[in-house]
Amino acid sequence: MTNTPLAQKKEGKPFILAITGIGAAFGVWALVAFTSLLAQMDWSLTEMLRQYMVATGAIGEHETLVDYYTHIKGFEYIIAVAFLGLYPVFFKFVNRTKAPLKAK
């Protein structure tokens, strides 16, 4: 085969179509699952979100103060790691210069 840009585009087309097809199938499946769940919940979005949060552990009954504090501490650690990971990106964004600076 030739190595022209047109030939390379034709070689990659089946791959792009396959990925698009898989993405479309997943999107249709997610939409059907979401719609059927809402229908099961009598179209109550808040009840669906509450059940999701109970299932993932975001909402739960805590027997003691220590249980509650342990639950909250986990979220604090997640927030701290996210902050420490994103701070360098924010710092680079804030301190970028478009023109060279001159010192007096």
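The values are calculated or read from the model by the stated rules, or taken from the named source; none is laboratory data. All values reported here derive from a predicted model rather than from experimental measurement. Here the Cβ is made from the backbone with ideal geometry for all residues, glycine too, and neighbour counts use every protein chain on show.
Output the residue which, of all residues in the range 44-77 that are at pLDDT below 85 and assigned to a loop (DSSP other than H, G, I, E, B), is farthest from residue 34 (Cα to Cα).
63
Just a yes or no: is a residue in the range 30-43 at pLDDT below 90 and exposed (fewer than 10 other Cβ atoms within 10 Å of the Cβ)?
yes
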